[in-house]
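Before any comments, here is the structure.
Just so you know, all these numbers are worked out from the coordinates, no wet-lab data involved. Just so we're clear, the structure is a prediction, and the values are computed from it rather than from any experiment. All Cβ positions, even for glycine, are placed from backbone atoms using ideal geometry, and neighbour counts span all protein chains on display.
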Amino acid sequence: MGSGTPTREQALQLLREFNQSESLIKHAFAVEAVMRHFARERGEDEEKWG
């Protein structure tokens, strides 16, 4: 993984590597859904904010 913003797949790999708790992983997916919702609602790029 180079410098800069990771891809979603790279971020998921890091999430699973450093978080063993399934509840924390579910929380991260919930946060992603909320961020995507508000990005869409405000006309922003969902991929950037999700």
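Do any trypsin sites (Lys or Arg not before Pro) in the chain lie in a loop, going by DSSP, with at most 16 other beta-carbon atoms within 10 Å of their beta carbon, and if so which? Provide the component values of the computation, followed by the final result.
Values: sites: R8, R16, K26, R36, R40, R42, K48; in loops: R42.
Filter output for the chain: R42.
Across 5 Å bins from the origin, how do the percents of Cα pairs in the chain run, short distances first?
Reading the bins upward from 0: 5, 20, 23, 23, 18, 9, 2.
Any idea what the relative contact order of the chain is, in percent, if you count C-alpha pairs under 8 Å spaced at least 6 apart?
On the way: 20 pairs, mean separation 11.2, N = 50.
22 percent.
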